[in-house]
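Written out below as structure tokens is the structure these notes cover.
The values are calculated or read from the model by the stated rules, or taken from the named source; none is laboratory data. Predicted, not measured: the structure shown is a model, and the values here were computed from it. Methodologically, a virtual Cβ is constructed for each residue, glycine included, from the backbone with ideal geometry; neighbour enumeration extends over all protein chains shown. Note: accessible area is taken over every heavy atom of the protein model, side chains too, but ligands, DNA and RNA are not part of it. Shrake-Rupley method; radii C 1.70, N 1.55, O 1.52, S 1.80 Å.
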Amino acid sequence: MFAEVAFPISSFQSFTYRIPRNLTNSIQVGSRVTAILGKRSVQGVIISLNTKSNYKGDMKSISSLVDDNPVLTAELWELILWISNYYVTPIGQVMKTVMPNRLSMQYSPPKNWYAKLTNALDEIDIEMLTKRAPKQYEILKEIRKTKGVCRITSLKSLSSNPLSICRILEEKGFIKLYKQTSLPDVTGFSFDPIHKEIIFNRGQVKAINKISLAINKKKYVPFLLHGVTSSGKTEIYIESVRQVIAQGRTAIILLPEISLTPQIAGRFKAVFGDTVALWHSKLTHAQRSWTWGQICKGNFHVVIGARSAIFSPLRNLGLIVMDEEQESSYQQDSPAPRYHTRDVALMRGKLEDTTVLLSSATPSLESYYNHLHKKLKYINLPKRFGKSKYPRTHVVDMLKDQNESGKFGLILSGLLLDKIEDRLKKNEQILLLQNRRGYSPIIRCYDCGDVVMCPSCQIMLTYHSSNQRLLCHLCGYSETQRHLCSSCHSTNLIYTGTGTQRVELLIQETFSDARISRIDSDSMQKSQQMTKTLKSFSEGKIQILIGTQMIAKGLDFPNTTLVGIINADLGLHLPDFRAGENVFQLIYQAAGRAGRGNKEGDVIIQTYSPDDLAIKCAASLDFKKFYHTALTERKELKYPPFSWLAKVELTGPGFDSVLCLAERIGQSLSKPYKGLDILGPTPCYLGKIRRQFRFHIIFKSIKKLDPNGSKLHSYINMNFYDYLKKYRMGNNKLSIHMDPLSLI
Ligand code: ADP
Ligand code: ZN
Ligand code: ZN
């Protein structure tokens, strides 16, 4: 017997080995083995088993088998091959992204106490407890809520020593205690289980029925679930997962960033308990390996996580859910493979005959277009769940506002201030979105007009008041606050523009009694902190929450009745074909945080561009108008979804050298086929990042003439497959981006 083995190296090749007799029965596709490669002993994965081999050279044998179980499934292997081919990345590099590095199965997590209800619970006995031992009653009630299996430490909020109370309950025969291995700690990523009574409305039932039909077919069926904010999409995911699990199959739930949505994880935990694995960036190597191993062994049925959760080695996959499918964090930019999770999810769905649910209130233009062209089945939930109504929106034209009031440079309009005051009085809660962190993003010399730039990047430094430093948001460079202009030595430096810290200070000064908190990547360096702050907000301990886009999505707080968007124009004027789409989605999503309960909500949108299409449509919550106009624009400009896009980026420490290389590559490209436009090479909008100058060449291939993108793909492959041999790169680097999200 022979085996093909792939190693985590930068090569597109796999290697053939002989399987020694003692291993023939235990080696499977997906098994990890060690073998000699060159002169070293290296770990690799078996990708196929064959009885014959055409290899003529001197063939080595596999040295040993690493684990008892395979660490990859055959389908996952096919997915790796597809990624390697589609994103022009060596297999070994794809494997590094897919599997935890240093996959070791040595770790075994600690054991914890659990309680299980005994079968014969007598309601009369329980009734007795309410009077005689209310604490025991409370704890028993909580254990019953969890449908029978409960981790004792999760009862800490009810008693400081829940175990001793549980011991008494055990003596009385209500519960049985036992010890079991518990999962890596997820407190930073999930609220405690959130139990809810669920009664589906008609729209939900219809949606669920459509999805179940697909699930039962056990075929690849991709959906776009387009449900307005608060239409109850999470509950639809849960019900669909329940059906898949009932069939003995498994599910993957993808979230844009797991720490931003602890509520969703909390809901899943409540329903599915410890069969849910959270796959997130804060797992240690050991926990990651352990979780991977447990998934391989079939001990988890559901995996929830950010983009890399799409690679979980679940067998018998029945469903993939992608929440907020338009989110840019689903794209991996660096290192290669530069993949988009949506495309990988659809491909995995195809390979495993799985239902795929792309879900959002504001789908990407691509997915919306794919629905119009019948590539995705469409499910629409146009109404919010229950009594909750869509919020009222008000657009404040800041220029007009200031002309009328005669006060210029104001950050908060009169209307927003009034509404905040009103909500504070009613003890309702407020979210304020300012999608820029720090205090002041522009520091300008009043005398010579110079602005303070990062020495390594082509971007201005932002002043942070918390530590009084100037910070580069691209490379992390920082310096102490300046008092002199470096060009003319004037002391007249002015700090302009607005970040979250400035908004926070202003709100503190104006509403000194209010309880205020801020969420951005400075204040939330630990994911635990994020969950804590959101929890305080959900308990009403915080009245005003200020934040960047981190607060705009997924949060469900019924007492929030006012959302203020301080500057809706941020990002609108970036020279990027997606700028309008991104702004529309952000405002629409943020607005969706208001009025989710029974109380009506208001959204105040402050803007200097009240006539801009994205802002107008987001304010009137008119997604159809926006999508149709934006699609017409994209068509005229031949941008996706009407074309396939590729970007080749060249970077290097010397401007002339990168420019020279870029031009040489530009000149030596083979003749474009009909329907291919090549733009550049040109300097990128962000011309320098981390001391590296940046150029790019953009390739646009019209879909009409290249329906599945294969022409563009062959063109890129042909021109760049062996670029290292073709061009003298020196210190310069080349990277290939298929379907890039952004061109800046
Ligand atoms: P979305 O994800 O679409 O924004 P959610 O799933 O967060 O909306 O639902 C909004 C609110 O309505 C949540 O508090 C959720 O628990 C509640 N909800 C949704 N569907 C139901 C249902 N069928 N029964 C009870 N509550 C529901
Ligand atoms: Zn100056
Ligand atoms: Zn920088």
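Just one of the numbered conditions (1) outside the structural domain of L424 (by TED's automatic domain parsing); (2) out of contact with any Ser or Thr (no Cβ under 8 Å at 6 or more places or on another chain); (3) away from ligand 3 (no atom under 16 Å from the Cβ) is not true of G540: (1). Picking from residues in the range 475-488 that are away from ligand 2 (no atom under 16 Å from the Cβ) and surrounded by 15 or more Cβ atoms within 10 Å (Cβ to Cβ), the one that is nearest to V452 (Cα to Cα) is Y477.
Of the residues making up the range 460-474, those that are more than 16 Å from ligand 2 (Cβ to nearest atom) and either in contact (Cβ under 8 Å) with a residue 60 or more places away in the chain or within 17 Å of R690 (Cβ to Cβ) (or both) are T462, L471, C472, H473, L474.
Of all residues in the range 488-497, those being in contact with a strand residue (DSSP E or B) (Cβ under 7 Å, 6 or more places away or on another chain) and either modelled with pLDDT of 95 or more or in a loop (DSSP other than H, G, I, E, B) (or both) number 4. Picking from residues in the range 439-459 that are more than 16 Å from ligand 2 (Cβ to nearest atom) and not in a strand (DSSP E or B), the one that is farthest from I744 (Cα to Cα) is Y439.
Given (1) surrounded by fewer than 22 Cβ atoms within 10 Å (Cβ to Cβ); (2) not β-branched (V, I, T); (3) not in a helix (DSSP H, G or I), where does Q263 come up short, assuming only one miss? Of (1) surrounded by fewer than 22 Cβ atoms within 10 Å (Cβ to Cβ); (2) not β-branched (V, I, T); (3) not in a helix (DSSP H, G or I), only one is false for Q263: (3).
Please give the number of the condition Y107 fails out of (1) open to solvent by 20 Å² or more (accessible area, probe 1.4 Å); (2) closer than 21 Å to G293 by Cα; (3) at pLDDT 75 or above; (4) not basic (K, R). Y107 satisfies every listed condition except (3). Among the residues of the range 298-311, some residue qualifies, meaning at least one is open to solvent by 30 Å² or more (accessible area, probe 1.4 Å) and free of Cβ contacts under 8 Å to residues at least 40 places away in the same chain. If you check L431, L416 for being under 29 Å from the mean Cα position of the chain (by Cα), outside any loop (DSSP other than H, G, I, E, B) and surrounded by 19 or more Cβ atoms within 10 Å (Cβ to Cβ), only one passes: L431. Tell me, please, whether a residue that is open to solvent by 60 Å² or more (accessible area, probe 1.4 Å) and either more than 16 Å from ligand 1 (Cβ to nearest atom) or at pLDDT 95 or above (or both) can be found in the range 437-444. Yes - at least one qualifying residue is present in the range 437-444. Taken over the range 271-288, residues that are open to solvent by less than 10 Å² (accessible area, probe 1.4 Å) and either closer than 25 Å to V205 by Cα or outside the structural domain of T354 (by TED's automatic domain parsing) (or both) amount to 1. So for the range 502-520 (the condition being of a type in the set (V, I, T), away from ligand 1 (no atom under 16 Å from the Cβ) and not assigned by TED's automatic domain parsing to the domain that holds R436), does at least one residue qualify? No, the conditions are met nowhere in the range 502-520. For the residues Y378, Y368, the requirement of being modelled with pLDDT of 95 or more, surrounded by 18 or more Cβ atoms within 10 Å (Cβ to Cβ), over 17 Å from I310 (Cβ atoms) and not aliphatic (A, V, I, L, M) singles out Y368. Between L283, L254, the distinction of being modelled with pLDDT of 95 or more and either under 27 Å from K383 (Cα atoms) or away from ligand 3 (no atom under 16 Å from the Cβ) (or both) belongs to L254 only.
Restricting attention to the range 387-407, the residues that are more than 28 Å from the chain's Cα centre (by Cα) and in a loop (DSSP other than H, G, I, E, B) total 3.
Among the residues here, R502 does not qualify as open to solvent by less than 70 Å² (accessible area, probe 1.4 Å) and within 16 Å of ligand 3 (Cβ to nearest atom). Quick one: would you say Q543 is open to solvent by 10 Å² or more (accessible area, probe 1.4 Å) and at pLDDT below 95? No. Using the structure shown, decide if R515 is closer than 28 Å to K389 by Cα, without any contact (Cβ under 8 Å) to a residue 40 or more places away in the chain and basic (K, R). Taking the combined requirement at face value, the residue satisfies it.
The set of residues from the range 333-381 being closer than 12 Å to L224 by Cβ and among the polar types (S, T, N, Q) comprises S359, S360, T362, S364, S367, N370, N380. Restricting attention to the range 155-187 and to residues that are modelled with pLDDT of 80 or more and touching a Pro at 6+ places or on another chain (Cβ under 9 Å), the residue that is farthest from F272 (Cα to Cα) turns out to be K156.
Taking the range 210-232 as the search range and keeping residues that are open to solvent by 70 Å² or more (accessible area, probe 1.4 Å) and within 19 Å of H371 (Cα to Cα), which one is nearest to ligand 1 (Cβ to nearest atom)? Step by step, filter the range 210-232, then rank; the result is K210.
Residues that are more than 23 Å from P100 (Cβ to Cβ) and touching a residue at least 12 places away in the same chain (Cβ under 8 Å) within the range 49-78 comprise L49, N50, T51, K52, S53, Y55, M59, K60, S61, listed in sequence order.
Kindly indicate the residue of the range 318-342 that is small (G, A, S) and surrounded by fewer than 21 Cβ atoms within 10 Å (Cβ to Cβ) and also modelled with the lowest pLDDT among those meeting that condition. Once the filter is applied, the top-ranked residue is S334.
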